[in-house]
1. Filter region 200-209 for residues that are assigned to a helix (DSSP H, G or I), over 16 Å from TRP46 (Cβ atoms) and in contact with a Ser or Thr (Cβ under 9 Å, 6 or more places away or on another chain) and give the result.
2. Does region 121-134 contain any residue that is of a type outside the set (Val, Ile, Thr) and modelled with pLDDT under 85?
3. Does region 385-398 include one or more residues that are among the hydrophobic types (A, V, I, L, M, F, W, C), at pLDDT 85 or above, under 27 Å from TRP139 (Cα atoms) and part of a helix (DSSP H, G or I)?
4. Go through region 204-225 and give me each residue that's surrounded by 13 or more Cβ atoms within 10 Å (Cβ to Cβ) and at pLDDT 75 or above.
5. Looking at ILE84, ILE58, can you tell me which residue is within 16 Å of the chain's Cα centre (by Cα), assigned to a helix (DSSP H, G or I) and hydrophobic (A, V, I, L, M, F, W, C)?
6. I want to confirm something. Restricting to region 154-169 and keeping residues that are of a type in the set (Gly, Ala, Ser) and touching a Pro at 6+ places or on another chain (Cβ under 8 Å), which single residue is farthest from PHE137 (Cα to Cα)?
7. Starting from residues that are aliphatic (A, V, I, L, M) and within 17 Å of the chain's Cα centre (by Cα), keep the ones in region 347-375 and report whichever is surrounded by the fewest Cβ atoms within 10 Å (Cβ to Cβ).
8. Can you pull out every residue in region 61-81 that is in contact with a Phe, Trp or Tyr (Cβ under 9 Å, 6 or more places away or on another chain), in a helix (DSSP H, G or I) and among the aliphatic types (A, V, I, L, M)?
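The values are calculated or read from the model by the stated rules, or taken from the named source; none is laboratory data. Computed from a prediction, not measured in an experiment: that's the story for all the values here. When we count neighbours, we look across all protein chains shown, and the Cβ atoms used for this are built from the backbone with ideal geometry, even at glycine.
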Amino acid sequence: MDASNTRGAAAVNPSSDPPPSAPATPEPSRGRILTLLAAGHGVTHWFYGILTVSLPLITRDFGITYTQLGALRSVERVSNIISITASGLATDFLKDRKGILLLSLVWPSLFFSLQGFSTTFLVFGALLCTQALAGGFMWHAPARAVIGDRFPDRMGFALGVHAMGGNLAASIGPVVVGAVLAWVTWRTVFAFQFLPGIVTALFLWLLLPRLGHAPRDRRNVSYGRALRSDVLTNFPLIGVTVVAGLRSIGENLIPTFLPLYLSVEMKMGTAAIGIYLGCLALVGTVFAPIVGHMSDRWGRKSTIFISLLTGGLLIGSIPLFPSGWLLLPVVSLGGMALFAVGPIIQASGLEHAPKDIWGAAQTFMDVGRSSFSLVFPLIAGAVADLYGLSYTFYLFAIVNLVAAATILIVPRARTPIKDLKT
């Protein structure tokens, strides 16, 4: 009986260890996630780069004035505001932010392709504004929130790398498409732009992990109360938003009117215009992580001030230089103000708000800066029609210098990022 019991015990409790359970799928490194987000950001800017280099051909094809073009860009900003608001709320409330990112790639790629079949300027404008409803601006809030969650100690640098992906595409797109436009029409180029967005969305769907939002630390505080106290009445955040809005005026004006200036005033072809626009974005690509690292080390305010001041003076001096080797470096260095400083302003704004409502804080900033850009494209178009395209650069310089002065009086962050709970 003892032997039988021993055999039974052996059957129930075998001497060999139980087979190990299947290992859990490892979480991708934050560097890999940042690389994928930068690549997706690049695709959203690819469309914008193609549009800018094609503007001289589009205006000529439809026979529109600069004022009409400025009005279209102003109306487009209304669509951007709707997109920004929806994206910010979704970033705070949805359990997985990946779906927002995928939508912001697929939607604009389809409507951008349809613009190639536009029969009138009205149809083209309607498709452009529909594209903006869930376009590249919808990408920013979830992507920046994910980056802020994973890089609290190096947010300026990480946002700079994320911006570098967008700027790199914005620099390559005009060069490539500018050369292609010498052989095919802008309509043909637009018609095939559904491919980059859909292919990239498929890759991100397969490679990105679940991108959840940060848990709320203040369980007893309603979202509405947190929104009022930490966003709508947050005066340091409001100050940074004003700076972001002033800077965004130039971000919208220069890519719109620089290609027209080079085409009409400098008599350049699309290939040469593409090179100038590519260099404008390329310098921003190189400087974005460098300026981000500088802001992490030496402070946001001084870095933003120097960038805005330098960029305003450079862009404002464009009409003073003839075309050729003197103008190209001026345009290229001006990209530092347009592209490199944007992520630093965004990081400065996020440092003024608790992490659990970053979606709302980003929405507030993005809606604010888009609101600044509602009227100025129309004003710039009227100025170009009345006085010439050169005066749009002087307008940019004035606005940029005002932004540089404004950042100096913005109070310090009342909720430093390093003090937030993670």
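1. Once the filter is applied, which keeps residues that are assigned to a helix (DSSP H, G or I), over 16 Å from TRP46 (Cβ atoms) and in contact with a Ser or Thr (Cβ under 9 Å, 6 or more places away or on another chain), region 200-209 yields nothing.
2. yes
3. Within region 385-398 (the criterion being among the hydrophobic types (A, V, I, L, M, F, W, C), at pLDDT 85 or above, under 27 Å from TRP139 (Cα atoms) and part of a helix (DSSP H, G or I)), the answer is yes, since at least one residue qualifies.
4. Of everything in region 204-225, those that are surrounded by 13 or more Cβ atoms within 10 Å (Cβ to Cβ) and at pLDDT 75 or above turn out to be LEU204, TRP205, LEU207, LEU208, PRO209, LEU211.
5. None of the other options fit; the residue is ILE84.
6. GLY156
7. VAL367
8. LEU69, LEU72, ILE81
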